[in-house]
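As structure tokens, the structure follows; a few thoughts come after it.
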Amino acid sequence: MLYHKTMTETVLAAVRTGAGTTELREYPTPEVPADGALLRIEVAGICGTDVKMYAKPVIQGPVIMGHENVGVIAMAGREFRERQGVAEGDRVFVEHYVPCHRCEWCHLGQYRHCEWTDWRTNPDARRYGYTSAENPFHLWGGFASHLYLPWNAVLHKVPDGVSAELAGIVTPMSNGIEWALIDARVGYDSTVLIQGPGQQGLAQTVACKQAGASLIIVTGTTKDAARLELAKALGADHVVDVAADDPLTRVTDVTGGKGVDVVLDCTAGAGTAPVLLGIDALKRREGTLVIQGELAAFPDFPVKKVTEKAITIKSARGHSFRACELALAQLASGRFPLERLTTHTFGLSYVDRAIKTVGGSGDEGAIHVSVLP
Ligand SMILES: [Zn+2]
Ligand SMILES: [Zn+2]
């Protein structure tokens, strides 16, 4: 019961109180039920979605953001320990999905599609980083000293030898594995164009290299010079500054006119240009394009070209349990210098600046930014 004694009566959280506004608030330390637990947060990663959600919140009221969470189990009820197979003191990565475990998707292990954890289909959804702090237990985000874990939280044990800070990039790494390997089936001898050298594009680079891709081309702009250098260190064969060089000409040149097997768009909202480039850069037949983004409309979308080239378009949509486990194994292997992705860390009082740094209006040179509460 050591941990109970060391817990303070209140916990501290950086709370989003409105668009672009954060306040430090204290909450009473929750009474942990037999089937719940409390995690002491070590690292909470920030991604591009946080930048959007901070500027234009979809969940109103006070929200503790932070959905890429790693920490140590500080206090756990008996049922929680039995059900989850964890003990107080264990370091875990917590997925941001809090699944129902009743629907078809949950039974398939594809929690990311569970409608219960998604605010788009359930206004009362629980999902870390996206849930009102007015809900019971309050602590539904990682930008806080502690996180509440209900019976249905999805945990992954962090392997020995992987520091909390390194484990902080499990989320981009697991997305890389999900999108490149599972969705786009990159494997031995694949040729790949990765657009955007942010944390997501760099994680895809590692996933593709590990999988056996024979050609990896990564694009960025002039301000991405340091990121493109890192892309090379992580396995990219060619990098292209699209402001200085025509990317389609480069892809055509290095593939001997064939084009690539797979295009992964990691530009996160750079408009229609990356999608159009992707369609042009893909090989003549049966290439795969993985897209993401917020485009509500796409005027003059080249359906004819997509059909003629027999292109498959897939959507990047989170990660599976398996991808997280593979990401942790990748980090534990030490095979790639993934620690170089983490460029900035901030304390709890600087969450606003941390999010702005990811968005490009805070500190310079950001790739992966973490909050260390
Ligand atoms: Zn994210
Ligand atoms: Zn479900």
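Only the coordinates and a few stated rules stand behind these numbers; no lab work does. The model shown is predicted, which means the values in this text are computed figures rather than measured ones. For neighbour counting, all protein chains shown are included, and Cβ atoms are generated from backbone atoms with ideal geometry for every residue, glycine included.
Length gained on full extension, E134 to T252, computed as 0.36 nm times the residue gap minus the Cα-Cα distance: 37.1 nm. 3J(HN,Hα) along region 209-226, derived from phi through the Karplus expression 6.51 cos²θ - 1.76 cosθ + 1.60 where θ = phi - 60°, amounts to 4, 4, 6, x, 4, 8, 8, 10, 10, 10, 10, x, 10, 4, 6, 8, 3, 5 Hz, with x in place of Gly and Pro. Based on the Kirkwood approach, the hydrodynamic radius assigned to region 321-373 is 12.4 Å, with every pair of different Cα atoms included.
For region 157-288, divide the Cα radius of gyration by the Kirkwood radius and give the resulting Rg/Rh value with two decimals. Could the numbers behind the result be given before it?
Details: Rg = 14.4 Å, Rh = 14.8 Å.
Result: Rg/Rh = 0.98.
Here the 3J(HN,Hα) profile of region 135-144, calculated from phi with Karplus coefficients 6.51, -1.76 and 1.60 at θ = phi - 60°, is 5, x, 6, 6, 8, 10, x, x, 7, 7 Hz, Gly and Pro shown as x.
In this simple spin-label approximation, S315 and L372 carry label points 7 Å from Cα along the Cα→Cβ vector, and these lie 3.8 nm apart.
Please compute, over every Cα-Cα pair in region 258-298, the percentage with a separation greater than 16 angstrom.
Roughly 31 percent, once rounded to a whole number.
Structure remark: mean-square fluctuation, Gaussian network model of the chain, C-alpha springs under 10 Å; the largest value among G20, G259, G85 belongs to G85. A simple spin-label model places pseudo-atoms 7 Å from Cα toward Cβ; at T21 and L108 they are separated by 4.2 nm. Taking the DSSP bridge list for the chain and keeping only pairs wholly inside it, about 60 percent are antiparallel. Couplings for region 113-120, taken from phi via the Karplus curve 6.51 cos²θ - 1.76 cosθ + 1.60 with θ = phi - 60°, read 9, 5, 6, 5, 8, 10, 5, 5 Hz in order; Gly and Pro are left as x. Anisotropy class assigned to region 83-214 is prolate, per the alpha carbon gyration tensor with a/c at or over the 1.5 cut-off and a/b larger than b/c. Using 0.36 nm per residue and subtracting the Cα-Cα separation, the extra length available between T345 and K223 on full extension is 41.8 nm. Dividing the Cα radius of gyration of region 228-373 by its Kirkwood radius returns 1.01 for Rg/Rh. Note on the chain: GNM, Cα springs under 10 Å; of I41, I311, I169, the largest mean-square fluctuation is that of I311. Rounded if a/c is under 1.5, else prolate if a/b beats b/c, else oblate: with a ≥ b ≥ c from the C-alpha gyration tensor eigenvalues square-rooted, which is region 13-65? Since a/c reaches 1.5 and a/b is larger than b/c, the shape of region 13-65 is classed as prolate.
Evaluated at q = 0.20 Å⁻¹, the base-10 log of the normalised Debye intensity for region 39-115, with identical point scatterers placed on the Cα atoms, takes the values -1.09.
Once backbone amide H atoms are built at 1.01 Å from N, L149 has A37, L38, L39 as its partners under 5 Å, excluding neighbours fewer than 5 places away on the same chain. Strictly greater than 18 Å: what percent of every Cα pair in region 1-133 meets that? Percentage above 18 Å: 61.
With runs of 4+ DSSP H residues as the only contributors, calculate the mean residue ellipticity of the chain at 222 nm using -39,500 (n - 2.57) per run, divided by the residue total and rounded to the nearest 500. If you can, show how the numbers build up before the last one.
Working: 13 runs with 102 residues, N = 373.
Value at 222 nm, helices only: -7500 deg cm²/dmol.
Reported to the nearest whole Å, the Cα centre-to-centre distance from region 339-365 to region 55-116 is 24.
Applying Stokes-Einstein at 10 °C and 1.306 mPa s to the Kirkwood radius of the chain, computed over alpha-carbon pairs, gives a translational diffusion coefficient of 75 µm² s⁻¹. Among P150, P274, P299, the residue with the largest mean-square fluctuation in a Gaussian network model of the chain, with springs joining Cα atoms closer than 10 Å, is P299.
In whole Å, how far is the Cα centre of region 276-291 from that of region 151-217? If we compute the Cα centre of each part, the gap is 20 Å. Straight Cα distances below 16 angstrom link K309 to the aspartates and glutamates D261, D280, E286, with same-chain residues fewer than 8 positions distant left out.
Taking one quarter of the surface of the convex hull spanned by the alpha-carbon atoms of region 225-301 gives a direction-averaged projected area of 5.8 nm².
Summary value for the chain: 17 percent relative contact order, contacts being C-alpha pairs under 8 angstrom separated by 6+ residues. Using R₀ = 22 Å, calculate the FRET efficiency as 1/(1 + (r/R₀)^6) where r is the Cβ-Cβ separation of R120 and A273; round to 0.05. For R120 and A273, the calculated efficiency is 0.20.
The percentage of C-alpha pairs in region 227-271 whose separation is greater than 13 Å is 67%.
Tilt of helix 321-333 relative to the longest C-alpha principal axis of the chain, in degrees (0 to 90, nearest 10)? Once rounded, the angle reads 80 degrees.
Only loop residues by DSSP count here, and only those with at most 11 other Cβ atoms within 10 Å; note down the trypsin sites (Lys or Arg not before Pro) in region 110-185 that meet that. If you can, show how the numbers build up before the last one.
Working: sites: R112, R120, R126, R127, K157, R185; in loops: R120, R126, R185.
Of the trypsin sites (Lys or Arg not before Pro), the ones in loops of region 110-185 whose Cβ has at most 11 other Cβ atoms within 10 Å are R120.
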